[in-house]
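Trainee: Have a look at this one before I ask anything.
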Amino acid sequence: MTEQLEFPWVPSPTPVDNAASRTGKPEAAPRKRPAKAPPRATSEARQAVERLNEALSQRIPGPVFLRITNNASSIISTRRRADGVLQVHLHHMFLKAPDSVVDALARWVIKPRAGFAGDVIDAFIRENKGLIQPRRRRVIRCYPRGRNYDLRDMLDEINAAHFDNKVEAYISWGQMPRKIQRRSIRFGSYSPRDKVIRIHPLLDQDFVPRYFVRYIVFHEMLHAHLGIAESESGRRSIHPPEFKRMERAYPDYERAVAWMENPENMRRLLRPRPRK
Ligand SMILES: [Zn+2]
């Protein structure tokens, strides 16, 4: 059995909103980006790693495997491998940790969530917060111009007509998924972190009416406009009453919903097609 403990510091990014989805069935969660490689090991750094490994091994019973990371989302994590070795991943800030902190680390690793040890570690992480590199911004490429519809034009038009030009967002056709789900489709999404609206590429077909694509763009712009509010219970409310009210007031709302609810349209949209 393996156990995994995480000591999170930087919260993971907000998941992308699940957008106008016909069945509400979520698609795969956003893929976790691989952690960046730790800084290049100089001989000095290697010695520091060896010293820390030694110090931890003296304090922790059983074999320990230490890995130094530059991972901003998990400063400390431990995992018991199948062969019994305790794998400890630590942010490189711990290379210069004083004995008191190494003691606390060992205690925390042996008995996770140990209160006092946790406090010492917390204080050390706070002091060394500056060593945690912010996540690098991803380069996002936008492809707004499709074969049938230019999303940028559409967004600008809707922005002027319904949002007083106040929505600041990028827009792009999404990538064609390798496998099309036969039963549901997520027409669009909005990522508050990157401010990118993505529209499903299957909507860029001539039988899909312009008013329907426009409605999906409007829906995602409404997310950008209202933000993702939290309800009183602390749960994220993706489509709060205000959202629904504004969506229903959109002139094409009813015929867009009618188009979407027509099984013939959905069948056509989701039918298997030869790969190009
Ligand atoms: Zn939505």
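The values are calculated or read from the model by the stated rules, or taken from the named source; none is laboratory data. Treat the numbers as computed from the prediction; the structure is a model and nothing was measured. Glycine gets a Cβ as well: all are built from the backbone with ideal geometry, and neighbour counts include every protein chain shown.
Trainee: If you take the residues in the stretch 209-243 that are charged (D, E, K, R) and modelled with pLDDT of 95 or more, which one is nearest to the ligand (Cβ to nearest atom)?
Mentor: Glu220
Trainee: Scan the stretch 182-201 residue by residue and report those that are over 17 Å from Asn148 (Cα atoms) and assigned to a strand (DSSP E or B).
Mentor: Arg186, Ser189, Tyr190, Ser191, Val196, Ile197
Trainee: Can you go through Glu6, Glu27, Glu50 and tell me which one is within 30 Å of Ile199 (Cα to Cα) and either at pLDDT 50 or above or not aromatic (Phe, Trp, Tyr) (or both)?
Mentor: Numbers: Glu6 fails: within 30 Å of Ile199 (Cα to Cα); Glu50 fails: within 30 Å of Ile199 (Cα to Cα).
Testing whether each residue is within 30 Å of Ile199 (Cα to Cα) and either at pLDDT 50 or above or not aromatic (Phe, Trp, Tyr) (or both) leaves just Glu27.
Trainee: Kindly establish whether Asp153 is surrounded by 15 or more Cβ atoms within 10 Å (Cβ to Cβ) and of a type in the set (Asp, Glu).
Mentor: no
Trainee: Among the residues of the stretch 69-80, write down those that are under 22 Å from Arg126 (Cα atoms) and either modelled with pLDDT of 90 or more or not hydrophobic (A, V, I, L, M, F, W, C) (or both).
Mentor: Thr69, Asn70, Asn71, Ser73, Ser74, Ser77, Thr78
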